[in-house]
Amino acid sequence: MTARRDTGRPDSTRRENSRRKSSRQDGTGPESTRLETAHADFGRTAVQIFAANERMNELLIEHLDPVVWRASPPGKVRTIAAIFTHVHNVRTKWVRLTAPHLKVPGQLDRAHCTPEQALAGLGESALRCEEMLAEALDGSGRIEMFRRDGWAQPWPVGVEMLCYMLSHEAHHRGQVSMLAHQLGFPLPLGVMSGLWNWEKVWKECGARGAPGSGL
């Protein structure tokens with residue numbers, strides 16, 4: 001008969017460790033609850049961040065001089081109207097490829113789109129992107145892969161998805177700011193500095209607290 005090895009731990013400790021292992025395996029218990037809470041918090045924060053990102057787009061369009069909207073910039077580059085329609089149309093592609101069960105907004109025509117139409121279209125596509133992010137990052141598994149383009153390798157959903165989306169839009173905001181300056185109608189300093197006032201932007205998007213507060 002083989003002697004029982006003494007682990008030096010009381011039976012109660014062994015039972016607790018066994019319970020924790022079981023709860024991790026079957027998806028129940030405090031560890032699983034904390035993970036679910038973390039996923040939910042991340043999804044909510046991602047939605048708030050993208051809403052703040054959209055508010056920055058609105059700030060630029062609202063304060064651009066109408067003269068520059070369709071003005072031809074130097075070199076073979078997009079007009080400001082074309083840049084904002086591109087941002088919207090790319091969003092619709094993200095939603096169509098990644099979350100086809102959501103209502104995909106119609107595309108904008110860069111040749112005829114007005115600032116008012118751009119604001120309305122971007123507002124709608126921002127809401128669909130926020131819904132997509134919420135479902136992708138809440139840990140539910142409803143959306144598993146981020147498909148940014150038909151030619152691109154899909155990614156498992158995660159923080160990289162959010163970073164990619166934000167980087168694309170920040171890049172084009174930089175283009176718009178530079179083009180407005182080159183065309184002789186730079187955006188007001190208060191608008192440019194306001195893009196960095198996340199506390200103000202955060203509240204304008206309906207958040208109750210400041211960035212990082214979880215509200």
Any chance Arg208 is basic (Lys, Arg), in contact (Cβ under 8 Å) with a residue 12 or more places away in the chain and either buried (at least 16 other Cβ atoms within 10 Å of the Cβ) or assigned to a loop (DSSP other than H, G, I, E, B) (or both): no
Qualifying positions in the range 125-152 - in a helix (DSSP H, G or I) and of a type in the set (Gly, Ala, Ser): Ser125, Ala126, Ala134, Ala136
Matching residues, the range 143-159, being more than 22 Å from His88 (Cβ to Cβ) and surrounded by fewer than 13 Cβ atoms within 10 Å (Cβ to Cβ): Glu144, Gln153, Pro156, Gly158, Val159
Index of the failed condition, Lys93 passing every other in (1) touching a Ser or Thr at 6+ places or on another chain (Cβ under 8 Å); (2) under 18 Å from Tyr164 (Cα atoms); (3) surrounded by fewer than 21 Cβ atoms within 10 Å (Cβ to Cβ); (4) in contact (Cβ under 8 Å) with a residue 40 or more places away in the chain: (1)
Subset tally (residues that are under 26 Å from Gly150 (Cα atoms) and either part of a helix (DSSP H, G or I) or hydrophobic (A, V, I, L, M, F, W, C) (or both)) for the range 50-87: 14
Single residue of Arg44, Arg20, Arg4 found to be of a type in the set (D, E, K, R), modelled with pLDDT under 95 and over 30 Å from Ser140 (Cβ atoms): Arg4
Single condition Ser72 does not satisfy, out of (1) closer than 21 Å to Leu166 by Cβ; (2) polar (S, T, N, Q); (3) without any contact (Cβ under 8 Å) to a residue 12 or more places away in the chain: (1)
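So, of the residues in the range 88-124 that are in a helix (DSSP H, G or I) and of a type in the set (Val, Ile, Thr), which turns out to be nearest to Pro66 (Cα to Cα)?
The first filter runs over the range 88-124 and keeps only residues in a helix (DSSP H, G or I), leaving 88-98, 115-124.
Applying the additional criterion that residues be of a type in the set (Val, Ile, Thr) yields 90, 92, 95, 98.
Values: Val90: 24, Thr92: 26, Val95: 30, Thr98: 35 Å.
Ranking the candidates gives Val90 first.
The values are calculated or read from the model by the stated rules, or taken from the named source; none is laboratory data. The model shown is predicted, which means the values in this text are computed figures rather than measured ones. Neighbour counts are summed over all protein chains in view; Cβ atoms, including those assigned to glycine, are modelled from backbone coordinates with ideal geometry.
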